[in-house]
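Read the structure below first, then the notes.
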Amino acid sequence: MKAMLTALAILLTLGLCATTWAQTPLHIARIEKIPDQFVGGEILRVVYKRLNIPMELVDRPAKRALMESSAGVLDGEVQRNIHVESQYTTLKAVHPAINYIEPSVFSAKYQFEVKAWDDIKDYRIGIVRGVGTSEDGTKGMKTVYMANNLEQLMIMLSENRMDVAVSDAFSGMVAIKKLHLENRIHLLTPPLQKIEIYHFLHEKHKDLIPRVEQVIRSMQASGELEKLRKQIIEQYISQTDTHP
């Protein structure tokens, strides 16, 4: 009888621990004030809801987000360039990609066709600190200014403190609209690249990755992922129109 009670107590303890773990939300870093990060975050809400796993988005500056997620203070990143995995080995990419971005060039005083990153190397370039695609693309270029967030970047560009700025096209256009800078800043075409971006989890959650991948893969195969992305973008733009 005593052995049975001991075994029962162990099972109850294990069950309590499992319940506590299941109710503890994952805290996922989202780069603050970047519209495309909002899109990725809303996609993840759907993914984790299907897994019945609570998840909270934590807004951070881009560089700080990587510091906290790679250290395990936060549980992962909403979305990042695949190269993050080689730079921060504790962060593991979840496949397939949940989103994509189109790094593009913005300017207040120049108008020219952009065919490659090298086309802007002789200009004063502005990027958002910690955004890997922009940092990688402008690496080695002689004059690169760092802004703390996208809105600051566009304000600096409008004040002619730089010649061009690089951001993904969607996020840049939303920031310009929000700041009422449509008459000052324009988008140069075509985009520099189209880059698939991936959700990342800290290695302590490596056992969860296959489950998350299964949901994303299913959504991609059915076409739901792209449809959801477009719906979220339309919703975000609509909210920007209503609340400038």
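May I ask you to list the residues in the range 121-140 that are free of Cβ contacts under 8 Å to residues at least 24 places away in the same chain and surrounded by fewer than 19 Cβ atoms within 10 Å (Cβ to Cβ)?
Result: 121, 122, 139, 140.
When you scan the range 220-239, how many residues do you find that are open to solvent by 20 Å² or more (accessible area, probe 1.4 Å) and among the β-branched types (Val, Ile, Thr)?
Adding up the residues that qualify gives 2.
So which residues in the range 180-219 are open to solvent by 70 Å² or more (accessible area, probe 1.4 Å), under 16 Å from residue 82 (Cβ atoms) and not acidic (Asp, Glu)?
Answer for the range 180-219, where residues must be open to solvent by 70 Å² or more (accessible area, probe 1.4 Å), under 16 Å from residue 82 (Cβ atoms) and not acidic (Asp, Glu): 193, 194.
Would you confirm whether or not the range 79-89 contains a residue that is open to solvent by less than 50 Å² (accessible area, probe 1.4 Å), β-branched (Val, Ile, Thr) and in contact with a helix residue (DSSP H, G or I) (Cβ under 7 Å, 6 or more places away or on another chain)?
yes
Within the range 38-51, count every residue that is in contact (Cβ under 8 Å) with a residue 24 or more places away in the chain and either open to solvent by 10 Å² or more (accessible area, probe 1.4 Å) or charged (D, E, K, R) (or both).
Selection size over the range 38-51: 5.
Quick check on my filter: what residues within the range 148-172 are surrounded by fewer than 24 Cβ atoms within 10 Å (Cβ to Cβ) and among the acidic types (Asp, Glu)?
151, 159, 163
The values are calculated or read from the model by the stated rules, or taken from the named source; none is laboratory data. These figures come from a predicted structure and were not determined experimentally. We place every Cβ from the backbone using ideal geometry, glycine too, and count neighbours over all the protein chains shown. Ligands, DNA and RNA are excluded from the accessible area calculation, which covers all protein heavy atoms including side chains. Shrake-Rupley method; radii C 1.70, N 1.55, O 1.52, S 1.80 Å.
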